[in-house]
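What follows is one structure encoded as structure tokens, with my remarks underneath.
The values are calculated or read from the model by the stated rules, or taken from the named source; none is laboratory data. Being a predicted model, the structure only gives us computed values, none of them experimental. Note: ideal-geometry Cβ built from the backbone for every residue, glycine included; neighbour counts use all protein chains shown.
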Amino acid sequence: MYNDIKLAIIGDAFVGKTCIATRYVNDTFIQNTNCTTGNQFKRKIVQFEDKQIKFQIWDTAGQEKFRSLAYLYYRSAIAVVLVFDVTNRETFNNLHYWIKEVKAKGDENAIIVIVGNKIDSQLREVAYSEAYQYASTQCVQYFETSALTGEGIEKVFTYLAKQCLNISITKDIKSCVHKQTLIIKRGCCW
């Protein structure tokens, strides 16, 4: 049995969302990717602890003209990865918009992480400490990655798998307790 995890990767255009998804799913890097229009869907089945997890990764378009459609993909996501480009301050500044959108239109229990991508570049405009502090104010985890080299990619998805499994276990326990309460209330005679 799989634990299905719907995961949405969102953020501005050209921050590396598709490259992160491709690096994670295929362990490859595509140098010249076209801008995503609409969405792309990828799957990866992984073994985590004693469970099998099927990630359903929704890679959304970040262009302004597609922003109004992005919520269709993250509204029912168990996990949301907000990506910005550490070499482009504007994409970092726009995180406020994305977080506000996810909190307003997404699942209230969704696990949200912020990922600073392109750390392999020497042209960094956003310091680790600044991004980490911002993530802390939003009560979310912060990770840094390089889709080019693969650095940090596995760490993001391992964290999400662990958090999603914890939520799944908690839901199972609550469901079991609820069922037991109903049985006790009803007694042996229905």
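See the values below:
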{"item": "Top-ranked residue of the stretch 16-39 - restricted to ones that are hydrophobic (A, V, I, L, M, F, W, C) and surrounded by fewer than 23 Cβ atoms within 10 Å (Cβ to Cβ), ranked as modelled with the lowest pLDDT", "result": "C35"}
{"item": "Hits in the stretch 1-15 (condition: crowded, with 16+ Cβ neighbours inside 10 Å and at pLDDT below 85)", "result": "N3"}
{"item": "Test set (1) under 11 Å from L7 (Cα atoms); (2) surrounded by 20 or more Cβ atoms within 10 Å (Cβ to Cβ); (3) at pLDDT 80 or above - Q56 fails condition number", "result": "(2)"}
{"item": "Residue identified as closer than 14 Å to I78 by Cβ, of a type in the set (D, E) and surrounded by fewer than 17 Cβ atoms within 10 Å (Cβ to Cβ) among E108, E130, E151", "result": "E108"}
{"item": "Selected residue (criterion: nearest to I53 (Cα to Cα)) from residues of the stretch 107-127 that are in contact (Cβ under 8 Å) with a residue 40 or more places away in the chain and not basic (K, R)", "result": "I111"}
{"item": "Looking only at the stretch 105-132, and only at residues there that are more than 19 Å from the chain's Cα centre (by Cα) and polar (S, T, N, Q), the one that is nearest to I57 (Cα to Cα)", "result": "S121"}
